[in-house]
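Notes follow once the structure below has been shown.
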């Protein structure tokens, strides 16, 4: 489990295909990483399979690659990182599982005096779980839905600190991002489905 508060940015040092999946080796400032530890890499929960001096390696299997942009990653890419939260620690963002629901694309970037507005085209699955002022994870960053200006479009208002310490500062029109809808919203929708199905059937 994660909070969506990015604690470091890493740089991809190597991308290698193996019979176990796509292996990503990432340089980062973390110390004391252990084999089997979970790290959110641009919001996707991946397992550390190797560690080195200032680096760690993770593997993205087929199912993970179909739901993320990892298949397009190259050496030199910068990514957002978060180690899994400790039970009892402050929850500074929101509950983030590290399970990417889909890939979105930035379709508008507007710089304001004190922030940047980003409009993101989202898959229907993600959009249907969003509400104004609700939570969404974007490349692992806990963000607030500022507005929903069009069908399947969510808008973020990104503050200067977030622009400085995450990859959202470099996001431009066309940038593809990992999206995770609000975890609580997923459970509410699943519990409500039988009721909604009954209403549609007139029962």
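Just so it is clear, none of the values below were taken in a lab; they were calculated from the coordinates. If you're wondering where the values come from, they're calculated on a predicted model, not measured in any experiment. Methodologically, a virtual Cβ is constructed for each residue, glycine included, from the backbone with ideal geometry; neighbour enumeration extends over all protein chains shown.
Convex hull volume of the C-alpha atoms in region 50-97, normalised per residue: 144 Å³.
Between helix 183-201 and the chain there is an angle of about 30 degrees, using the helix long axis and the longest principal axis of the Cα atoms.
How big is the gap, in Å, between the Cα center of region 145-184 and the Cα center of region 84-141? Going from one Cα centre to the other spans 6 Å. Once the convex hull of all Cα atoms in region 8-83 is built, its volume per residue stands at 79 Å³.
Between residue 95 and residue 38, the modelled labels are 1.3 nm apart [label points 7 Å from Cα along Cα→Cβ]. Between residue 124 and residue 75, residue separation times 0.36 nm minus the direct Cα-Cα distance comes to 14.5 nm.
One decimal place: the segment residue 86-residue 191 gains 35.0 nm when fully extended, by the rule 0.36 nm per residue minus the C-alpha distance. In this calculation the C-beta distance from residue 19 to residue 53 is compared with R0 = 22 Å, giving a FRET efficiency of 0.25. The computed P(r) over Cα pairs in 5 Å bins from 0, in percent for the structure shown corresponds, within [x] 1, 7, 15, 20, 21, 19, 11, 5, 1, 0; [y] 1, 7, 15, 19, 19, 15, 11, 7, 3, 2, 1, 0, 0; [z] 1, 7, 12, 14, 15, 14, 11, 8, 7, 6, 4, 2, 0, to [y].
What's the extension gain from residue 107 to residue 27 if we count 0.36 nm per residue and subtract their Cα-Cα distance? Stretched out fully, the residue 107 to residue 27 stretch lengthens by 25.8 nm.
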